Amino acid sequence: MRVGQHDNFVRVVLDFNHRTEYSSGFDPDGRMILRLLSAKAVPKRRRLGADNTPISRIEITASPDGNGSIVAIESDGPISNKVFALTPDEIGSHRIVIELAPLPSLND
């Protein structure tokens with residue numbers, strides 16, 4: 001897992017050695033959830049405390065049904081997300097990319 005801070009968003013990149021099916025959405029607590037349907041990821045927890053980052057924590061766990069893994073991303077406020085897959089190329093292997101940006105507050 002790689003995390004990169006850009007001007008207006010944070011990019012999280014997950015690398016895989018094969019094509020991985022996924023689905024994404026938000027849970028009732030507002031966490032962005034990525035379900036990796038065929039990947040068994042090593043459980044991991046990463047806290048992020050950088051300034052200007054909408055993400056506060058990323059956690060990877062096994063799926064409760066034993067099929068695949070779940071990536072949960074917590075934020076300090078409402079966020080938008082864009083999730084897409086990349087196939088192997090000269091840069092890297094199979095990847096799932098998550099781009100997260102803070103949503104403007106209603107008071108802005």
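Please indicate, with yes or no, whether at least one residue in segment 4-21 is at positive phi, modelled with pLDDT under 90 and out of contact with any Phe, Trp or Tyr (no Cβ under 6 Å at 6 or more places or on another chain). The answer is no, given that none of the residues of segment 4-21 is at positive phi, modelled with pLDDT under 90 and out of contact with any Phe, Trp or Tyr (no Cβ under 6 Å at 6 or more places or on another chain).
What are the residues in segment 6-17 that are in contact (Cβ under 8 Å) with a residue 24 or more places away in the chain and not basic (Lys, Arg), if any? Correct list: 8, 9, 10, 12, 13, 14, 15, 16, 17. Within segment 1-31, if we keep just the residues that are assigned to a strand (DSSP E or B) and of a type in the set (S, T, N, Q), the residue that is farthest from residue 78 (Cα to Cα) turns out to be 23. Of the strands (runs of 3 or more DSSP E) that lie entirely inside segment 39-99, those containing 1 or more residues that are modelled with pLDDT of 80 or more and within 26 Å of residue 8 (Cα to Cα) span 55-62, 69-75, 79-86.
Among the residues of segment 70-84, those identified as among the aliphatic types (A, V, I, L, M) and closer than 16 Å to residue 59 by Cβ are 70, 71, 72, 73, 79. For segment 68-108, the set of residues classified as polar (S, T, N, Q) and surrounded by 14 or more Cβ atoms within 10 Å (Cβ to Cβ) consists of 69, 75, 81, listed by residue number.
Applying a threshold of 9 Å to beta carbon distances and a minimum spacing of six or more residues, or different chains, the list of pairs starting in segment 18-36 at a residue that is in contact (Cβ under 8 Å) with a residue 60 or more places away in the chain and of a type in the set (Phe, Trp, Tyr) and ending at one that is buried (at least 16 other Cβ atoms within 10 Å of the Cβ) and not in a strand (DSSP E or B) reads 22/39; 22/68.
The values are calculated or read from the model by the stated rules, or taken from the named source; none is laboratory data. All values reported here derive from a predicted model rather than from experimental measurement. Here the Cβ is made from the backbone with ideal geometry for all residues, glycine too, and neighbour counts use every protein chain on show.
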